[in-house]
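Asks: Input: one structure, supplied below.
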């Protein structure tokens, strides 16, 4: 995953973070505006909001567009990404007050237990081909959230996870043969996983979290919100 996303960052970081942009001329003003839209949906219009606006963490911050918007609402913002190359470019876009860190791809290093008010992730889980890695990120979210905190997470909840794994393997083979998507989006590191709702809820339960909100189930851009169980 690191080598794949480092390479995407070198090729065209904004496009691979948001492939609705024009590849040859990405509109960066629009790109940054979408970060505010994401935070509006994940935080401002959420069914539940953090009790305190102290520390917010983003899993898979990419170029930092969401971190930039979170910085307007929280005292301290930390963005994690697996690709150092992405973070190099993110530091050119976000203010120095945003703490950008490299992750090993499944944990949130340097964060103490019960120390965070919001964990958010958008267009990250949908690109992870190993569901166990997604589960470990959910466990980390549960570990670092303090009582009253919120986990806002987006993932690919489209039905047919077994079919998707088979199709993903076939598309990856075509990509390795030099065909398929011209920008390398047929590789497993981009195609990622489809995760059923019950499996995501099971991961939440293992993390000591309980889902308290759901938006657009069964879609590529399904959102969920969860909080620590029993106010722990």
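The values are calculated or read from the model by the stated rules, or taken from the named source; none is laboratory data. Quick caveat: nothing in here was measured; it's all calculated off a predicted structure. Here the Cβ is made from the backbone with ideal geometry for all residues, glycine too, and neighbour counts use every protein chain on show.
Asks: Please tell me if residue 97 is crowded, with 21+ Cβ neighbours inside 10 Å and within 22 Å of residue 52 (Cα to Cα).
Replies: No, not satisfied.
Asks: Could we say that residue 143 is closer than 30 Å to residue 73 by Cβ, surrounded by 13 or more Cβ atoms within 10 Å (Cβ to Cβ), out of contact with any helix residue (DSSP H, G or I) (no Cβ under 7 Å at 6 or more places or on another chain) and at pLDDT 95 or above here?
Replies: Yes, satisfied.
Let's see how each residue does on (1) closer than 20 Å to residue 224 by Cα; (2) at pLDDT 95 or above; (3) surrounded by 14 or more Cβ atoms within 10 Å (Cβ to Cβ):
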{"site": "3", "(1), (2), (3)": "no, yes, no"}
{"site": "8", "(1), (2), (3)": "no, yes, yes"}
{"site": "37", "(1), (2), (3)": "yes, yes, no"}
{"site": "42", "(1), (2), (3)": "yes, yes, yes"}
{"site": "50", "(1), (2), (3)": "yes, yes, yes"}
{"site": "69", "(1), (2), (3)": "yes, yes, yes"}
{"site": "79", "(1), (2), (3)": "yes, yes, yes"}
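Asks: I would also like to ask the following. Given the structure, is residue 211 modelled with pLDDT of 95 or more and either surrounded by fewer than 17 Cβ atoms within 10 Å (Cβ to Cβ) or farther than 21 Å from residue 82 by Cβ (or both)?
Replies: Spelling it out, residue 211 is indeed modelled with pLDDT of 95 or more and either surrounded by fewer than 17 Cβ atoms within 10 Å (Cβ to Cβ) or farther than 21 Å from residue 82 by Cβ (or both).
Asks: State which residue pairs qualify: first residue on the phi > 0 side of the Ramachandran plot and inside the range 197-217, second residue modelled with pLDDT under 95 and in a loop (DSSP other than H, G, I, E, B) in any location, beta carbons under 8 Å apart, and separation of 6 or more residues or different chains.
Replies: Note: pairs meeting the criteria are 208/232.
Asks: Let me ask another. Of all residues in the range 112-154, count the ones that are free of Cβ contacts under 8 Å to residues at least 60 places away in the same chain and over 21 Å from residue 54 (Cβ atoms).
Replies: 3
Asks: Moving on to the next point. Of the residues that sit in the range 124-135 and are more than 18 Å from residue 211 (Cβ to Cβ) and over 10 Å from the mean Cα position of the chain (by Cα), which one is surrounded by the most Cβ atoms within 10 Å (Cβ to Cβ)?
Replies: Checked the range 124-135; the qualifying residue surrounded by the most Cβ atoms within 10 Å (Cβ to Cβ) is 129.
Asks: Kindly establish whether residue 25 is more than 24 Å from residue 117 (Cα to Cα), out of contact with any helix residue (DSSP H, G or I) (no Cβ under 9 Å at 6 or more places or on another chain) and not in a helix (DSSP H, G or I).
Replies: So residue 25 passes the test.
Asks: Looking only at the range 3-22, which residues are in a helix (DSSP H, G or I) and more than 15 Å from residue 89 (Cα to Cα)?
Replies: Selection gives 3, 4.
Asks: Just one of the numbered conditions (1) over 26 Å from residue 52 (Cβ atoms); (2) at pLDDT 95 or above; (3) in contact with a helix residue (DSSP H, G or I) (Cβ under 6 Å, 6 or more places away or on another chain); (4) in a helix (DSSP H, G or I) is not true of residue 189; which one?
Replies: With respect to (1) over 26 Å from residue 52 (Cβ atoms); (2) at pLDDT 95 or above; (3) in contact with a helix residue (DSSP H, G or I) (Cβ under 6 Å, 6 or more places away or on another chain); (4) in a helix (DSSP H, G or I), residue 189 is out only on (2).
Asks: Follow-up. Only one of these conditions is not met by residue 109: (1) crowded, with 18+ Cβ neighbours inside 10 Å; (2) in contact with a strand residue (DSSP E or B) (Cβ under 9 Å, 6 or more places away or on another chain). Which number is it?
Replies: (1)
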